[in-house]
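The next block holds one structure in the form of structure tokens; read it before the comments.
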Amino acid sequence: MKILHIDASARIEGSHSRALSAHFVKALTKGAPGSSVDRIDLALSPPRHFGAWEAAAVATPVADHSPEMRAAIADSDAFTARLLTADALVIGTPIYNFGMPSTLKAFFDHVSRNGLTFVSDETGTRGLLGELRVAVLVAAGGSYGPGEMFDGMDALTPHIRAVLGFMGVTDLAFVTARPMLFAGPDAAEATMARALAEVDALAVRWLP
């Protein structure tokens with residue numbers, strides 16, 4: 001199994017989403033010893049945010065790219081190549097201001113490439129990542145369930161589901177540890193323990 005492991009938390013130490021993703025990847029590699037892991041830390045190596053030069057580059061044939069276009073699209077080309085060689089994508093992310101960190105949004109902007117991860121032409125639009133298995137491991141400070149503190153305000157889950165679904169992903173799992181901030185230390189510890197148990201169960205389902 002070729003695993004692309006992405007962490008998006010701005011916290012390098014003490015991050016619950018990083019702990020969840022590391023635990024999951026460790027379980028996968030232990031259960032499938034021949035697996036390889038390609039690591040992307042979006043906090044330590046943040047991608048360029050998609051801007052005017054990136055937009056111009058994806059709309060222009062490669063042979064006609066200016067030096068500015070080539071420089072702007074380099075992140076996109078590299079991220080997309082790494083994604084396309086992966087069998088599994090593991091994302092560890094917090095919820096920031098009810099959505100995903102801007103660095104993770106930038107990653108998705110870079111890998112949403114017509115002709116590479118999806119095709120849009122006169123026949124319609126279809127995703128090309130149907131063989132990719134994805135796990136999104138989330139830590140959130142508040143609670144987002146029915147009747148809870150932030151009921152209906154989780155913009156991260158539907159956004160990621162929509163982006164990956166557009167690119168053809170059908171095997172998509174979410175595990176969320178919440179609430180981690182608006183709860184006492186004992187409650188947060190119990191919440192994390194439950195999330196880690198879910199992660200272990202997901203690893204069992206993924207392994208042969």
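The values are calculated or read from the model by the stated rules, or taken from the named source; none is laboratory data. Note that the structure is a prediction, hence the values are computed from the model and not measured. So basically every Cβ, Gly included, is an ideal-geometry build from the backbone, and we count neighbours across all protein chains shown.
Tabulated results
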| item | result |
| --- | --- |
| Search result, residues across the range 95-132 that are among the β-branched types (Val, Ile, Thr) and in contact with a His (Cβ under 9 Å, 6 or more places away or on another chain) | Thr103 |
| Any pair with Cβ under 8 angstrom, 6 or more apart, that starts in the range 43-65 at a residue that is within 17 Å of Asn114 (Cβ to Cβ) and ends at one that is of a type outside the set (Gly, Ala, Ser) and assigned to a loop (DSSP other than H, G, I, E, B) | Glu54/Arg48; Ala57/His65; Val58/Arg113 |
| Some residue of the range 184-203 being part of a loop (DSSP other than H, G, I, E, B), closer than 27 Å to Pro47 by Cβ and within 19 Å of the chain's Cα centre (by Cα) | no |
| Residue in the range 149-182 that is farthest from the chain's Cα centre (by Cα), counting only those that are without any contact (Cβ under 8 Å) to a residue 12 or more places away in the chain and part of a loop (DSSP other than H, G, I, E, B) | Asp151 |
| Close pairs (6 angstrom Cβ cut-off, 6 or more residues apart or separate chains): farther than 11 Å from Val199 by Cα in the range 6-30, among the acidic types (Asp, Glu) anywhere | Asp7/Asp41; Arg18/Asp7 |
| Qualifying positions in the range 47-67 - assigned to a loop (DSSP other than H, G, I, E, B) and surrounded by 15 or more Cβ atoms within 10 Å (Cβ to Cβ) | Pro47, Arg48, Phe50, His65 |
| In the range 68-83, residue farthest from Met1 (Cα to Cα) [restricted to those that are aliphatic (A, V, I, L, M) and surrounded by fewer than 16 Cβ atoms within 10 Å (Cβ to Cβ)] | Ala71 |
| Filtered residues of the range 80-101 (kept if more than 12 Å from the chain's Cα centre (by Cα) and part of a helix (DSSP H, G or I)) | Thr80, Ala81, Arg82, Leu84 |
| Looking only at the range 153-187, and only at residues there that are at pLDDT below 95 and exposed (fewer than 14 other Cβ atoms within 10 Å of the Cβ), the one that is nearest to Ser112 (Cα to Cα) | Leu181 |
| Tally, over the range 11-46, of residues that are of a type outside the set (D, E, K, R) and surrounded by fewer than 14 Cβ atoms within 10 Å (Cβ to Cβ) | 7 |
| In the range 109-128, residue nearest to Ala162 (Cα to Cα) [restricted to those that are out of contact with any strand residue (DSSP E or B) (no Cβ under 8 Å at 6 or more places or on another chain) and part of a loop (DSSP other than H, G, I, E, B)] | Arg113 |
